[in-house]
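Q: Let me give you the structure first, and then I'll get to my questions.
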Amino acid sequence: MSDSSASPTSLTEQLGQRLVRPVDAAARARARLAVLDWAGCAVIGAATDTGRAFARLAAGGGAGVPGGVAGPSRVLGAGRVPVRDAAFINGAYGNIYEMDDVDRQAVLHPGPVVIPAALAMAEALGSGPDALLDAVVRGYEAMVRLGRAMGPAHYRQFHPTATCGAFGAAAAATSLMGLDQAGLTGALGTAATRAAGLWQCRHEPVTTKQFHTARAAAGGIEAAQLAAIGLGGPRFILEGPQGLFAGMAPDARPAEITAPHDGAWLILGTSIKPWPACRHAHAAIDAALILRAEAQGRMPAAIQLRTFADALTFCDRPDPASTIQAKFSLQHAVAVTLLGGPPPLAAFEPEVIADPVVARLRAMVTPVVAEPYAGAYPRRFGTGLTITWDDGTTSRAEVPDALGDPENPVDDATVVAKTRTLARAAGLDEQRIGALIQAIEALEGSDPARIAAVTAILP
């Protein structure tokens, strides 16, 4: 790494100075909840065909990323493998069911990247739960800050979970490895220089989004391991003339990298998904639940959905042809909710997609960009819904913040229930599910056996 004594402090170094401050109890508690939320998403992801395909990479000798400084870690369903392979495979699982957590302003999903990297490194190094949770908090901080700094133009072409993910995974890994400020800067520099992930994957029936999360988690591990042996990346990788902002973020917001945010860790501002659909569709589901309760035997004749532009960009899909397309369909989300209430996992499966009653209701939904939702985005993910009923009357629902956002939060019991539901759907028995939840809830202190208790229960 180069001598920085005669040059100004880079944005990456300034961020590093913020990352090393002590993690408070509230942030640790939120990190523990994030691990629980990720575990449910990952367990059911591992049980899918896509998950099993990723697991075969480990069973066949690794994920194509070389082993590293640390020892082996557990990958769900595939035993113990090198730490980077574990981060890669586990990194794929948490995004498969589209129920992973999200930061609204960064428009990315930190959980499926940061947590697999932190968990793999913690187990490989024999770290304790407090060190793991601190690493998760710091990983979220780095990833979210970079995502918020990248700006809207970046999001139009690139998947920020992919482009910013390795940055967060590297911050988590270096926290556990105990690298100094120079090592942290070097790891973040290497992680940022490998930013990649194009949105073309959402237009085709592929699993590239899961590769994005997998590669980001493994890439952060790689960056940290390289820094540990003195092979760090550029200090000015973000703001430099040929750095990340210049190359991929034409309307970048560099001030977000060091914004004070009243000293609070940004993990406290992330959102948890209660519904198995794209986050852009969640407020529409919430609004549909309100109006379903007002139906009183009436049937919709017309449905107008008012929302923000990105909701239409990603989820204006009146005729979904697959489960993943249904999860990215405002029309389908509203239709199944009005018909059946809170949408279960099965609401997005092919049998429901093909149901003529659902299709007829989908065709009634007209999504439009409208205020105040367009102007409030991305700080708020809101939606308004208006239904004209078959008797000529009209009902309206306004949801300024989707359920699971900090302004409309879910409680811990809801996250526990979500994890139970996903684990049951994955085929785990009640004893294993209860043991998994209890082991995650007991993540505190310095005993590495508590982390091993979690990974031993995972399939």
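The values are calculated or read from the model by the stated rules, or taken from the named source; none is laboratory data. The structure displayed is predicted, hence computed values, not measured ones. Backbone-built Cβ (ideal geometry, glycine too); neighbour counts: all protein chains shown.
Q: Return the residue satisfying two criteria in turn: it lies in the stretch 251-282 and is in a helix (DSSP H, G or I) and among the acidic types (D, E), and of such residues it is farthest from P112 (Cα to Cα). Walk me through it before giving the result.
A: Step one: list which residues in the stretch 251-282 are in a helix (DSSP H, G or I), which gives 254-257, 261-263, 266-269, 279-282.
From the residues that got through so far, the ones that are among the acidic types (D, E) too are 256, 262.
Working: E256: 22, D262: 27 Å.
Restricting to residues being in a helix (DSSP H, G or I) and among the acidic types (D, E), the top hit is D262.
Q: Also, I was wondering about something else. Grab the helices (runs of 4 or more DSSP H) fully contained in the stretch 342-459, keeping just those with 3 or more residues being aliphatic (A, V, I, L, M).
A: Where helices (runs of 4 or more DSSP H) fall fully within the stretch 342-459 and carry at least 3 residues being aliphatic (A, V, I, L, M), they are 356-364, 412-425, 430-441, 449-457.
Q: Let me ask something else about it. Condition first: out of contact with any helix residue (DSSP H, G or I) (no Cβ under 6 Å at 6 or more places or on another chain), more than 23 Å from V102 (Cα to Cα) and buried (at least 18 other Cβ atoms within 10 Å of the Cβ). Now tell me which residues in the stretch 367-421 satisfy that.
A: If the condition is that a residue be out of contact with any helix residue (DSSP H, G or I) (no Cβ under 6 Å at 6 or more places or on another chain), more than 23 Å from V102 (Cα to Cα) and buried (at least 18 other Cβ atoms within 10 Å of the Cβ), then W389 is the only one that fits.
Q: A further question follows. Considering only the stretch 171-183, how many residues are under 15 Å from A131 (Cα atoms) and part of a helix (DSSP H, G or I)?
A: The total comes to 7.
Q: Could you list, in sequence order, all residues of the stretch 46-96 that are modelled with pLDDT of 90 or more, out of contact with any Ser or Thr (no Cβ under 7 Å at 6 or more places or on another chain) and among the hydroxyl-bearing types (S, T, Y)?
A: Correct list: T48, Y93.
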